[in-house]
Amino acid sequence: MREEIARLMDLQVLDRQLKELELSLADVAGRVEQLRAETDKNQTELQRLTEEDQQASAARKRIEKDLAEGEARIRNKRMRLNLVRTDKELQAVTTEVESLKETNQRLESELAALNESVGVRATSIKELGEIVANGRAELAAAEKEIADRVESLKSAITTQRAERDKAADGIDRALLSRYTMLFQRRAGVAIAVVKPLAKDGKCSGCQRLLPPQLYNEIQKPKQVQIYSCPNCQRILFYEAVPQTSEE
Ligand SMILES: [Zn+2]
């Protein structure tokens, strides 16, 4: 049994390396994915601002034209003022001039507001344009950089998995599936090491002291069954201290 558990210990080392490789791969791929999503989002916003800008330019041209026409009309009416003969006519033309002036004032303030928003937007477009350009360059560099890394990680994973499967081959199936479940649920530590009581006598997984009876059992050289930590359920492996000549 001790030998079986020792094999599981070796398997655990391989499994952890495999898991690390897989996490690195996911991390590398995820970073590029994030960069791509960010750049796409900025690109869409830039597009929207540019369209808004085009609409604002068209609106500005329209208002400027209306303003010029209004000015011309006011000039016309003023000239007519010199020709009027009656008070009634004078009153009518004056009212028309006032109304035209009001319209032009309104157009002028619309134009001012529009100009202000155009200025703000131009700044955003410029900034965002730079961000998008930088994002694209960064993305291209990252894609190039990770292409190699992804390839080497993938091949390392394949090698690692083959080695791992070889190590798992021949281990009792029930024990192997118990190990696999623990590996997943206990953050990659399915087998806990127990050091001699003189050192600490604790389960290395959860740091709890083992009950004396259990400690005695796992210490026996001929272990007949697999023991689990009563607290965290990890499979226990007693780390016997090799007898040195001095002892
Ligand atoms: Zn434990």
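Points worth noting:
- Residue selection: E143 fails the criterion of being under 30 Å from A29 (Cβ atoms), of a type outside the set (F, W, Y) and out of contact with any helix residue (DSSP H, G or I) (no Cβ under 9 Å at 6 or more places or on another chain).
- Look at (1) among the β-branched types (V, I, T); (2) within 11 Å of the ligand (Cβ to nearest atom); (3) touching a residue at least 60 places away in the same chain (Cβ under 8 Å) and you find that I226 fails only one, number (2).
Here is a yes/no grid of residues against (1) within 30 Å of A168 (Cα to Cα); (2) among the hydrophobic types (A, V, I, L, M, F, W, C); (3) exposed (fewer than 15 other Cβ atoms within 10 Å of the Cβ):
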| residue | (1), (2), (3) |
| --- | --- |
| I5 | yes, yes, no |
| Q17 | yes, no, no |
| L35 | no, yes, no |
| E45 | no, no, no |
| R48 | no, no, yes |
| S57 | no, no, yes |
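- Hits in segment 151-189 (condition: of a type in the set (S, T, N, Q) and touching a residue at least 24 places away in the same chain (Cβ under 8 Å)): Q160
- Whichever residue in segment 172-217 is within 12 Å of the ligand (Cβ to nearest atom) and among the β-branched types (V, I, T) and, among such residues, is surrounded by the fewest Cβ atoms within 10 Å (Cβ to Cβ): V193
- Taking each residue of segment 190-213 that is over 21 Å from D10 (Cα atoms) and looking for partners that are modelled with pLDDT under 90 and more than 8 Å from the ligand (Cβ to nearest atom) with beta-carbon atoms closer than 7 Å, six or more apart or interchain, yields G201/K195; L209/G201; L210/G201.
- Meets criteria (farther than 30 Å from M181 by Cα, surrounded by 14 or more Cβ atoms within 10 Å (Cβ to Cβ) and free of Cβ contacts under 8 Å to residues at least 40 places away in the same chain) for I74: yes
The values are calculated or read from the model by the stated rules, or taken from the named source; none is laboratory data. The structure displayed is predicted, hence computed values, not measured ones. Cβ coordinates were reconstructed from backbone atoms using ideal geometry, including for glycine residues, and neighbour counts include every protein chain displayed.
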